[in-house]
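Enquirer: One structure follows; several queries about it will come next.
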Amino acid sequence: MPRISLTSHAQQLLKARLTAGDIAIDATVGNGHDTAFLLSQVQATGQVYGFDIQAAAITAVQAKLGAPPNLHLIAANHADIASFIPAAQHGNIRACMFNLGYLPGGDKTVITQTPSTLTALTAASQLLAIRGLLSIIVYPGHPGGDEEAHAVQAWAEQLPREQFTLSQITSQTASASAPRLLMIEKIAG
Ligand SMILES: C[S@@+](CC[C@H](N)C(=O)[O-])C[C@H]1O[C@@H](n2cnc3c(N)ncnc32)[C@H](O)[C@@H]1O
């Protein structure tokens, strides 16, 4: 089997589920790779909401993607995600992506923080549609990342099994400090 990155793996799993007209969220826009992917899947009839705490990342991605009308880029903490999504779309989100840690090539001191990550994940799980997917890539190998990865794992494992399924994909090296992809599907409301 060819080796693929966890980010590509997450995108492949979401691709099988997303169709034109869907609504999706990128909770950690960064350089905009996942945002661009989500836009390509939901197409012009869908909507993508993208969040990053760094305004400079949002501005750069806005310039890169040309600000189509169905892309809503928001410079805000993803802990507040629900307040930016119209109430009519709550429960209708088909996919939500989190790629935790710091912005590659950017300011490495701005990293996702466990308390706001957990708040955002809880909000995202509530915003999901039935059959909606939540992808989370965690990085236990960097300072703060280990604690966050453990907390995210514990959060995912305490989700009610009658409402959510959980699967995990580890990276090729499979050591305790290797990045991991958690994939959560909402199966009931
Ligand atoms: C690993 S990068 C994301 C990479 C991105 N998915 C891409 O395709 O390039 C993590 C991003 O999360 C952002 N971030 C950190 N804390 C955040 C928070 N509380 N709310 C929203 N974004 C946050 C960082 O600014 C950084 O850009």
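Enquirer: Of the residues in the stretch 128-148, how many are at pLDDT 95 or above and either crowded, with 16+ Cβ neighbours inside 10 Å or in contact with a Gly (Cβ under 7 Å, 6 or more places away or on another chain) (or both)?
Expert: Matching residues across the stretch 128-148 total 11.
Enquirer: Identify all residues within the stretch 123-144 that are within 13 Å of the chain's Cα centre (by Cα) and over 19 Å from residue 113 (Cβ atoms); write none if there are none.
Expert: 127, 128, 132, 133, 135
Enquirer: Which of the residues belonging to the stretch 76-104 are near the ligand (Cβ under 8 Å from one of its atoms) and outside any loop (DSSP other than H, G, I, E, B)?
Expert: 78, 79, 97, 99, 102
Enquirer: For residue 107, state whether it is assigned to a loop (DSSP other than H, G, I, E, B), in contact (Cβ under 8 Å) with a residue 24 or more places away in the chain, among the charged types (D, E, K, R) and more than 26 Å from residue 18 (Cα to Cα).
Expert: Yes: the conditions hold for residue 107.
Enquirer: For the stretch 8-41, name all the residues that are away from the ligand (no atom under 12 Å from the Cβ), in a loop (DSSP other than H, G, I, E, B) and either within 17 Å of residue 185 (Cα to Cα) or of a type in the set (Ser, Thr, Tyr) (or both).
Expert: Once the filter is applied, which keeps residues that are away from the ligand (no atom under 12 Å from the Cβ), in a loop (DSSP other than H, G, I, E, B) and either within 17 Å of residue 185 (Cα to Cα) or of a type in the set (Ser, Thr, Tyr) (or both), the stretch 8-41 yields 16, 17, 18, 19, 22.
Enquirer: Are any of the residues in the stretch 47-54 assigned to a loop (DSSP other than H, G, I, E, B) and at pLDDT below 95?
Expert: no
Enquirer: Got at least one residue in the stretch 103-119 being surrounded by fewer than 22 Cβ atoms within 10 Å (Cβ to Cβ), within 12 Å of the chain's Cα centre (by Cα) and more than 17 Å from residue 37 (Cα to Cα)?
Expert: Checking the stretch 103-119: not a single residue is surrounded by fewer than 22 Cβ atoms within 10 Å (Cβ to Cβ), within 12 Å of the chain's Cα centre (by Cα) and more than 17 Å from residue 37 (Cα to Cα).
The values are calculated or read from the model by the stated rules, or taken from the named source; none is laboratory data. Predicted model, so just to flag it, every value in this text is computed and none were measured. Neighbour counts run over all protein chains shown; Cβ positions are idealised from the backbone, glycine included.
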